[in-house]
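Data block below; observations after.
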Amino acid sequence: MIADTLRDRIRSGGPISIAAFMTEALFDPRHGFYATKDPIGAGADFITAPEISQMFGELIGLVAAQTWLDMGRPDGFKLIEMGPGRGTMMSDALRAARTVPGFMDATEIVLIEASAALKAVQAQTLGPSGAQIRWIDRLDAVAPGPSFIVGNEFLDCLPVRQALRHKGEWHERLVGLAPTDKSAGKSAGESEFVFVLGPPLGQDADLVPARLQDADDGALVELRPGDRQVVDQLAERFSDQPGRALFIDYGPATSEIGDTLQAIRAHKKQPPLQEPGTADLTARVDFESLIQAGRSAGLTSHGPQTQGRWLTELGLEARAAVLSQSQPGKRSEIARQIWRLTDTEQMGELFKLVCLDSADLPPPPGFSAG
Ligand code: SAH
């Protein structure tokens with residue numbers, strides 16, 4: 001059990017960072033949330049845009065093909081997906097991109113996936129596509145070449161750290177142990193995970209967004225070292241080869257104060273430190289910091305653009321009209337999919353897109369009214 005492993009670790013070495021807790025809970029190879037099962041879908045733990053509607057992946061596929069055209073139809077083009085989940089988005093994307101003559105012959109598909117269980121699901125989903133697919137563990141291990149990289153709800157599950165302002169200094173917030181409250185019906189001698197104030201961040205205090213540096217005591221800011229790592233890998237890759245990376249995720253357009261760590265199990269929230277390994281742990285993406293990191297690494301950025309506007313600009317309605325015509329029985333289902341993906345109270349506004357490009361690419365489709 002992950003909880004036992006983490007308890008032992010904290011007992012022997014003291015409190016651990018939230019990033020360490022998340023890594024273990026999500027990716028422990030034997031019991032981790034992603035490592036062991038397929039958590040995505042209506043009957044599972046959470047649902048994502050490509051699982052809501054095939055149109056989402058189709059539009060991603062057309063953007064990938066457009067990027068290939070914009071690059072001058074290079075051979076050895078790589079279509080790379082980070083965190084492909086069930087493989088649904090790639091499957092829909094390939095069906096659409098295939099309609100662009102020459103694209104499939106020029107393209108190699110690469111999936112970057114940490115979970116063995118999900119790799120198996122991806123192989124099954126994508127088998128019928130007939131496409132040659134390669135799984136590679138890390139972006140920096142993918143062979144060089146022009147590329148389009150996409151990640152939907154990938155950045156949100158990268159481990160975060162939390163910084164707490166305490167007596168005029170930034171401290172790391174850690175996970176420790178406290179005796180379980182026996183009145184809550186738990187057995188004596190057990191302990192539960194609690195947040196504790198850790199040591200000052202020292203140099204890492206620079207990771208707190210500049211605008212929030214002087215926040216009042218008690219303020220909490222999330223740091224996303226994983227995003228920076230991804231940005232650095234993109235900058236390295238795009239330094240001598242054309243490339244475009246498109247990330248879709250949930251979070252505010254500007255860096256904010258506040259604890260957004262959340263655990264979702266069977267579509268319901270549970271306390272984030274409860275029963276690690278049984279729930280998806282994510283935190284909101286900080287799009288302002290992501291874009292800033294991209295720019296300082298020399299990338300060209302576009303967005304954040306809201307998912308609703310992006311889909312609308314790309315012609316979601318027109319695609320829906322064609323689908324509804326060929327399947328009249330599904331007309332209301334398709335209308336409902338559009339509503340879920342684009343309505344401001346649904347995914348339309350909270351979910352946003354950021355594009356990080358190498359120099360000299362025309363702007364990506366869908367970002368004009370950003
Ligand atoms: N993109 C999919 C799945 C989102 S869930 C969809 O929209 O439905 C997050 C996905 O990222 C899962 O497939 C998870 O296993 C994968 N993942 C998370 N962190 C990863 C990492 N560091 N390296 C590779 N894959 C990772």
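The values are calculated or read from the model by the stated rules, or taken from the named source; none is laboratory data. Everything numeric in this text was worked out from a predicted model, so none of it was measured. Don't worry about glycine lacking a Cβ; one is built from the backbone with ideal geometry, like all the others, and counts go over all protein chains shown.
Side notes on the structure shown:
- For region 329-349, the criterion of being polar (S, T, N, Q), closer than 15 Å to A49 by Cα and free of Cβ contacts under 8 Å to residues at least 24 places away in the same chain is met by at least one residue.
- Test: I248 is modelled with pLDDT under 95 and either assigned to a helix (DSSP H, G or I) or within 13 Å of the ligand (Cβ to nearest atom) (or both): no
- Scanning region 75-112 for residues that are more than 16 Å from the ligand (Cβ to nearest atom) and under 14 Å from M55 (Cα atoms) gives R95, A96, A97.
- Selection within region 66-88 - in contact with a Ser or Thr (Cβ under 8 Å, 6 or more places away or on another chain) and more than 15 Å from G145 (Cα to Cα): G85, R86, G87, T88
- Single unsatisfied condition, A263 versus (1) in contact (Cβ under 8 Å) with a residue 40 or more places away in the chain; (2) part of a strand (DSSP E or B); (3) within 16 Å of the ligand (Cβ to nearest atom): (1)
- Test: A44 is under 19 Å from the mean Cα position of the chain (by Cα), assigned to a loop (DSSP other than H, G, I, E, B), near the ligand (Cβ under 9 Å from one of its atoms) and at pLDDT below 95: no
- Whichever residue in region 212-226 is in contact with a strand residue (DSSP E or B) (Cβ under 9 Å, 6 or more places away or on another chain) and assigned to a helix (DSSP H, G or I) and, among such residues, is farthest from the ligand (Cβ to nearest atom): L212
Residue-by-condition table, conditions (1) surrounded by 12 or more Cβ atoms within 10 Å (Cβ to Cβ); (2) under 19 Å from E58 (Cβ atoms); (3) aromatic (F, W, Y):
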position: G329; (1), (2), (3): no, no, no
position: R336; (1), (2), (3): yes, yes, no
position: E349; (1), (2), (3): yes, no, no
position: V354; (1), (2), (3): yes, no, no
position: D360; (1), (2), (3): no, no, no
position: P364; (1), (2), (3): yes, yes, no
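- Residue list for region 343-360, filter: part of a loop (DSSP other than H, G, I, E, B), more than 15 Å from the chain's Cα centre (by Cα) and of a type outside the set (S, T, Y): D343, E345, Q346, G348, E349, A359, D360
- Complete set of residues in region 185-236 that are among the hydrophobic types (A, V, I, L, M, F, W, C) and within 30 Å of A141 (Cα to Cα): L207, V208, L223, V230, V231, L234, A235
- From the options Q233, Q203, residue that is free of Cβ contacts under 8 Å to residues at least 12 places away in the same chain and either in contact with an Asp or Glu (Cβ under 6 Å, 6 or more places away or on another chain) or outside any loop (DSSP other than H, G, I, E, B) (or both): Q203
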